[in-house]
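Read through the structure below, which is laid out as structure tokens, and then see the notes.
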Amino acid sequence: MKKIRKLTVLIMAMLLFASVPVTAHAGVTANVTKIIKYLRAGKIYQADKIAQKLPKEYAPEKCISTMTKAQKKAYRKIIKRHVKYDADGYPSTGYYLTDIDNDGSAELIVHKGAYMFARYYFYTYKKEKVIKLGNFYNRLAVLSACPNRTGVLLMWVHEGVRNVVFLTIKNGKIHRESLATWTPNRSFTSLKHADVDLNYPWMEEYNVSVQGNKIVDWADLK
């Protein structure tokens with residue numbers, strides 16, 4: 001009888017642990033912090049080793065499910081403006097939602113253009129108002145959230161060279177810090193990081209339409 005009770009308790013504990021979102025695990029946050037530390041120190045191999053321990057994808061961030069109707073409406077309004085061609089002549093192609101400053105509220109990232117002409121716009125929502133955090137040009141990149149801590153990782157490639165940038169909010173503006181640059185998979189290079197190509201759980205980019213200036217995927221902003 002005691003064995004049955006112990007087995008029941010064990011199964012319940014396993015089910016409880018399995019039901020916890022990946023983003024709630026302290027180990028994930030700790031590993032992301034280590035990756036940033038290693039990249040900042042130029043230790044690409046160590047960062048890659050830790051990155052391999054990360055899950056294939058993160059659970060949806062809590063800040064997204066707790067967005068108010070007013071915040072969703074405000075962000076939809078911003079995206080609608082971006083869907084039209086801007087002064088640079090490039091249409092919106094997508095947007096992201098993530099908590100950059102770890103305050104429990106989702107920031108909005110709008111991506112416009114492609115390849116070497118991509119631009120990223122950043123917004124936050126404070127006191128019932130949308131606040132601009134800034135924007136910058138960058139080659140087409142992929143973004144990865146930093147669960148339960150500040151920041152977003154942005155990775156882009158130019159002529160085979162990998163670049164990882166750490167994005168944070170400082171003094172009400174988006175701040176970029178270059179963490180590391182290296183060239184993987186180049187047989188003629190003498191770089192010691194030639195076989196490293198970091199893979200992170202990349203954030204989902206919600207698509208918007210170019211034709212007809214219509215949104216095709218409101219996703220979490222409905």
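Bear in mind that the values in this text are calculations on the coordinates, not laboratory data. Every value quoted in this text rests on a predicted model; they were computed, and no experiment measured them. So basically every Cβ, Gly included, is an ideal-geometry build from the backbone, and we count neighbours across all protein chains shown.
Annotations for the structure displayed:
- Separation of segment 25-77 and segment 125-179, taken as the distance between their Cα centroids, equals 12 angstrom.
- Gain on full extension, evaluated as 0.36 nm per residue between Glu205 and Tyr45 minus their Cα-Cα distance, stands at 54.8 nm.
- Exposure proxy order (Cβ contacts within 10 Å, fewest to most) of Asp48, Asp220: Asp220, Asp48
- Taking other C-beta atoms within 10 angstrom as a stand-in for reagent exposure, Ser144, Ser105, Ser178 fall in the order Ser178, Ser105, Ser144, fewest first.
- Cβ-based exposure ranking for Lys72, Lys37, in which fewest neighbours within 10 Å come first: Lys37, Lys72
- Nitroxide proxy distance, nm - points 7 Å out along Cα→Cβ at Asn135 and Lys37: 3.7 nm
- The simple spin-label model puts a point 7 Å past each Cα toward its Cβ; for Lys62 and Phe117 those points are separated by 4.3 nm.
- Extending 7 Å from the Cα toward the beta-carbon at both Ala26 and Arg176 defines two label points whose distance is 3.6 nm.
- Local electrostatic count, Ile169, Cβ distance below 15 Å [Lys/Arg +1, Asp/Glu -1]: +1
- FRET efficiency for Arg81 and Asn102, using Cβ-Cβ distance with R0 set to 22 Å, rounded to 0.05: 0.20
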